[in-house]
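Dropping a structure here in structure tokens format, bear with me for questions.
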């Protein structure tokens, strides 16, 4: 219930008004039992029509006012929740987008989905109706107090039932914690299987993998349904027990009242009124017990949020250089994946002067993509430093740095939006002329012109609706939109035809000619032939800078267009 108190304390003014509305509504709720007692004791006994009319008018007014104050309370609860719900939803999504890549990569897709789904569980548990019902719980004591004034014995019985119901609610909530946590885990696993079935749909079909993934789905679903059934049965038992307790309490109250009516110590009106008051006292507790499942799910969601909140997040502050020339230096740099037995590479010492081009080559798994991601600040060295104009990249403001980097990843991903939206992500103020220029530079003109919506063509599913070649062309245009002083390209020619490869290599030469420092990560032998030196990541643990006695005349034209020979590399 910490979340409930947190929400209430966050808006003290509205909370005070909500408590006041609850108090007035519950006081007005006393009108019904008072009406019953007065009708039975006064009207039935004397038959005065004016008395009945007066009592009826009074109780109708009280009922209408009670409804009005309950609606006011509901609106106040909705207002209190609005800020908290928005904060939690934004915080959960912010965690997904702001946590350091090295940590968020460890989370399965299903677990990430569960974190977002947790916001809905919290909203369901602490919705306005539930909060209003919880506010009625303390007022059970008020109805017991009124009962005590009428008949202490009946008040004691009702108090025992209220206490028993509250104890059942607490025990049920505690008993649901473990199965709810297990169900959350199974839900995450099922979400991961759904993601795999969608993203690797061709693999499932072509390699007859449906049996394999279906078996996993059946196992996970069986576990999930078993837990769901367990929780449902337990919650159903609580609901049935609540109904039974109400019935038993009503029978005992009527029986005690009947005995006292026969003995002449209580009249019939008080007996019926006491039964209504008893139901009013027990009702909120029964409702609270029925919310146990929602509260248990909300608690697990909060625990998951708290765990995620402990993950390191990317910095939002840091240094922004007023003048950046493009000098890049690796100083005693090393990197190891978590739990890896050996480093991916270590003791890397290199310096690139502005406008230089350096190729990093190696087989799959030697660290090309890892090093590329380190250059754009997605991963951090486990030792050593990356220096930009002599300043440690760890001290540079990430937002500023990424505006300096033209980044083309090996497998580009996109946001749901148009081609134009994605190209202009790094430069949202880009005008139409610049957008068209980038489309031409990336070799996208034919595709854009042939698309019915042109540059407004929508990209969905991260770009899965487009071929790899088109995705890489769009990614190239997106990279060039930043017009930064550093270019980082992972596998520049992969997935591209000759025209697309030429567009990428022309962009590299143009960037270098404009003074940008270029880092290329590739295993393409044609590119390696066209450069006078490259870093061999196959050499472990310390990569080697390989210098070739390449004739400049041979370099030019080695592949159309060639990469310009650069000699401004020190190791």
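The values are calculated or read from the model by the stated rules, or taken from the named source; none is laboratory data. Note that the structure is predicted; figures quoted are calculated from it, not measured. Reconstructed Cβ throughout: ideal geometry from the backbone, glycine too, with neighbour counts over all protein chains shown.
Exactly one of these conditions fails for residue 439: (1) assigned by TED's automatic domain parsing to the domain that holds residue 358; (2) part of a helix (DSSP H, G or I); (3) farther than 15 Å from residue 406 by Cβ. Give me its number.
The single condition residue 439 does not satisfy is (1).
Which of the residues that make up the range 449-460 are part of a helix (DSSP H, G or I) and crowded, with 17+ Cβ neighbours inside 10 Å? Don't jump to the end; show me each part of the working.
Within the range 449-460, the first condition is being part of a helix (DSSP H, G or I), and the residues that meet it are 449-450, 454-456.
Matches in the range 449-460: 455 only.
With 242, 188, 209, 236 as the choices, which residue is more than 20 Å from residue 137 (Cβ to Cβ) and in contact (Cβ under 8 Å) with a residue 12 or more places away in the chain?
188
If I filter the range 3-13 down to residues being part of a helix (DSSP H, G or I) and in contact (Cβ under 8 Å) with a residue 12 or more places away in the chain, which single residue comes out as nearest to residue 137 (Cα to Cα)? I'd like the intermediate steps shown before the answer.
First pass over the range 3-13, keeping only residues part of a helix (DSSP H, G or I): 3-10, 12-13.
From what's left, in contact (Cβ under 8 Å) with a residue 12 or more places away in the chain: 3-4, 6-8, 10.
On the way: 3: 17, 4: 14, 6: 18, 7: 17, 8: 15, 10: 21 Å.
If we take residues in the range 3-13 being part of a helix (DSSP H, G or I) and in contact (Cβ under 8 Å) with a residue 12 or more places away in the chain, then 4 is nearest to residue 137 (Cα to Cα).
Checking residue 456 against (1) without any contact (Cβ under 8 Å) to a residue 24 or more places away in the chain; (2) more than 26 Å from the chain's Cα centre (by Cα); (3) farther than 29 Å from residue 524 by Cα: exactly one of these is not met. Which one?
(1)
Are any of the residues in the range 368-376 farther than 19 Å from residue 536 by Cβ and at pLDDT 90 or above?
There is at least one residue in the range 368-376 that is farther than 19 Å from residue 536 by Cβ and at pLDDT 90 or above.
Table: residues versus (1) touching a helix residue (DSSP H, G or I) at 6+ places or on another chain (Cβ under 9 Å); (2) part of a helix (DSSP H, G or I).
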residue: 403; (1), (2): no, yes
residue: 407; (1), (2): yes, no
residue: 410; (1), (2): yes, no
residue: 415; (1), (2): yes, no
residue: 422; (1), (2): yes, yes
residue: 425; (1), (2): yes, no
residue: 429; (1), (2): no, no
residue: 434; (1), (2): no, yes
residue: 447; (1), (2): yes, yes
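Next question, about the same structure. Could you tell me which residue of the range 461-470 is surrounded by the most Cβ atoms within 10 Å (Cβ to Cβ), considering only residues that are at negative phi and part of a helix (DSSP H, G or I)?
Just the residues of the range 461-470 that are at negative phi, to begin with: 464-470.
Subsequent filtering for residues that are part of a helix (DSSP H, G or I) retains 468-470.
Values: 468: 14, 469: 17, 470: 22.
Only one residue tops the list, namely 470.
Could you tell me which of the residues 254, 276, 286 is farther than 30 Å from residue 544 by Cβ, within 40 Å of the chain's Cα centre (by Cα) and in a helix (DSSP H, G or I)?
On inspection, the qualifying residue turns out to be 286.
Tell me which residues, restricted to the range 14-65, are part of a helix (DSSP H, G or I) and within 17 Å of residue 279 (Cα to Cα).
25, 26, 27, 28, 31, 32, 33, 34, 35, 36, 37, 63
Additional query: State all residues of the range 500-518 that are surrounded by fewer than 16 Cβ atoms within 10 Å (Cβ to Cβ) and in contact with a helix residue (DSSP H, G or I) (Cβ under 9 Å, 6 or more places away or on another chain); if no residue qualifies, say none.
506, 510, listed by residue number.
Being on the phi < 0 side of the Ramachandran plot and without any contact (Cβ under 8 Å) to a residue 40 or more places away in the chain is true for just one of 423, 419, 439. Which residue is that?
439
Does residue 364 satisfy the criteria of being at pLDDT below 90 and within 21 Å of residue 477 (Cα to Cα)? So that I can check it myself, show each step before the final result.
On the way: at pLDDT below 90: yes; within 21 Å of residue 477 (Cα to Cα): no.
Considered against the rule, which asks whether it is at pLDDT below 90 and within 21 Å of residue 477 (Cα to Cα), residue 364 comes out as no.
Within the range 52-59, can one find any residue that is closer than 24 Å to residue 131 by Cβ and touching a residue at least 24 places away in the same chain (Cβ under 8 Å)?
no
Only residues that are over 20 Å from residue 444 (Cα atoms) and assigned to a helix (DSSP H, G or I): list them for the range 488-527, please.
Hits for the range 488-527 are 512, 513, 525, 526, 527.
Tell me which residues, restricted to the range 471-487, are assigned to a helix (DSSP H, G or I) and either under 30 Å from the mean Cα position of the chain (by Cα) or touching a residue at least 40 places away in the same chain (Cβ under 8 Å) (or both). Can you show your working first?
From the range 471-487, those assigned to a helix (DSSP H, G or I) are 471-480; that's our starting set.
Answer for the range 471-487, where residues must be assigned to a helix (DSSP H, G or I) and either under 30 Å from the mean Cα position of the chain (by Cα) or touching a residue at least 40 places away in the same chain (Cβ under 8 Å) (or both): 471, 472, 474, 475, 476, 477, 478, 479, 480.
Conditions: (1) modelled with pLDDT of 85 or more; (2) under 24 Å from residue 413 (Cβ atoms); (3) surrounded by fewer than 23 Cβ atoms within 10 Å (Cβ to Cβ). Residue 483 meets all but one. Number of the miss?
(1)
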